[in-house]
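Remarks on the structure that follows.
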Amino acid sequence: MRDFSQDHHWLSINTATVRKSSGRDLPLPQIIEACAARGIRAISPWRDQVHAAGLDVVSGLVKQHGLQLSGYCRGGMFPAADAAGLRAALDDNRRALDEACELGAACLVLVVGALPGALDGRAAHKDIARARAQVKDGIAALLEHARAQGMPLAIEPLHPMYAADRACVNTLAQALDLCEALDPRPPGSAETPALGVAVDVYHTWWDPLLEQGIARAGRAQRILAFHVCDWLTPTRDLLNDRGMMGDGVIDIPRIRSWVEAAGFTGFSEVEIFSTQDWWLRPHDEVLDTCIARHRSAV
């Protein structure tokens, strides 16, 4: 396993981690400048932040500072209640993929979606199997564009608490089943797959089959991204109370050892949503803490 204790060469900052500074929105250009000033080599920006700043502006700053993108957040949200909604979702995903290409991202992360309308508290139906079928069909349709553009897609399985509203793919095994059905490839393939997975410890740490799933992903080199934060106990908010690495109960170094044993050699991407803690602190403190914890707790 790589030694992270001496530097932060393999640290990436998911820009959600510092989307607020002292409780106020922090523009993406300022986030980029703060990361570059600290020698952070990679980021993973969110689309809403990119749109607010302007794609051309963000692309220019990324190139100016020589930054890499460990991923682009996010595509997905494929299920819909009708054919028009399905078409709109696919069109939006194609735009997200084009943006990822413009920014030179390593992959487009997919949070696949779940029951249509559930995020707004008005689920159109209760048929999760239908939602999963629409996810499969949506990824299959997007893959054609992804292959043509050379942009890998990374399915991110989310914790089962999000199965109704954000992602009906909830285990690494489910995500890999989709990969193998839609993008078959022989074991030992060396080139980057068109379809792979993003392993986020917050969503996967609980899974008793996680080690086996990571090894399975490694056999086809499907791990495209690795996200880190921590699970606090008690958790005060199921979405926006992620902990800084080392403050919770996830054995992050153990999971990283599995991921690296499976062949992953990319960035450890810090992704923290924290309305009651880290988003209330100055972004300088948050970034400096990310650097320190990347060395000591990842």
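Before moving on, here are some points about what is shown:
- GLY213 passes every criterion in (1) in contact (Cβ under 8 Å) with a residue 40 or more places away in the chain; (2) part of a loop (DSSP other than H, G, I, E, B) apart from (2).
- Only one entry of ALA16, ALA37, ALA42 meets the criterion of being of a type outside the set (Ser, Thr, Tyr) and more than 24 Å from ASP200 (Cα to Cα), and that entry is ALA37.
- Only residues that are over 21 Å from ASP177 (Cβ atoms) and touching a Ser or Thr at 6+ places or on another chain (Cβ under 9 Å) were counted in the range 196-235, giving 2.
- Those residues of the range 203-260 which are more than 19 Å from VAL169 (Cα to Cα) and among the polar types (S, T, N, Q), in sequence order: GLN221, THR233, THR235, ASN240, SER257
- Pairs, first under 18 Å from ALA175 (Cβ atoms) in the range 146-158, second part of a loop (DSSP other than H, G, I, E, B) and polar (S, T, N, Q), C-beta under 8 Å, six or more apart: PRO152/THR192; PRO157/ASN170; PRO157/THR171; LEU158/ASN170
- Residue pairs meeting the criteria (Cβ under 9 Å; at least 6 apart or on separate chains; first within 14 Å of VAL199 (Cα to Cα), in the range 250-261; second in a helix (DSSP H, G or I) and of a type in the set (S, T, N, Q)): ILE255/THR204
- Leading residue by the ranking (farthest from VAL62 (Cα to Cα)) among those in the range 79-100 that are surrounded by fewer than 16 Cβ atoms within 10 Å (Cβ to Cβ) and acidic (Asp, Glu): ASP82
- Cross-chain or 6+ apart pairs with Cβ under 7 Å, the range 19-45 first and under 12 Å from PRO282 (Cα atoms) and modelled with pLDDT of 95 or more, then among the aromatic types (Phe, Trp, Tyr) and surrounded by 19 or more Cβ atoms within 10 Å (Cβ to Cβ): LYS20/TRP279; GLY23/TRP279
- Qualifying positions in the range 253-298 - crowded, with 20+ Cβ neighbours inside 10 Å, of a type in the set (A, V, I, L, M) and assigned to a helix (DSSP H, G or I): ILE255, VAL259, VAL286, LEU287
- When the range 217-252 is filtered for residues that are among the basic types (Lys, Arg) and either surrounded by fewer than 20 Cβ atoms within 10 Å (Cβ to Cβ) or closer than 17 Å to SER5 by Cα (or both), the ones remaining, listed by number, are ARG219, ARG236.
- Summed over the range 1-33, residues that are of a type in the set (Gly, Ala, Ser) and surrounded by 20 or more Cβ atoms within 10 Å (Cβ to Cβ) total 3.
- Identity of the residue in the range 67-78, farther than 22 Å from ALA124 by Cα and of a type in the set (A, V, I, L, M, F, W, C), that ends up surrounded by the most Cβ atoms within 10 Å (Cβ to Cβ): CYS73
- Selection count where residues are out of contact with any helix residue (DSSP H, G or I) (no Cβ under 9 Å at 6 or more places or on another chain), surrounded by 15 or more Cβ atoms within 10 Å (Cβ to Cβ) and under 28 Å from ALA53 (Cα atoms), scope the range 110-150: 1
The values are calculated or read from the model by the stated rules, or taken from the named source; none is laboratory data. It should be emphasised that the depicted structure is a prediction, and the values quoted were computed from it without experimental measurement. Using ideal geometry, Cβ is built from the backbone for each residue, glycine included, and neighbour counts are taken over all protein chains shown.
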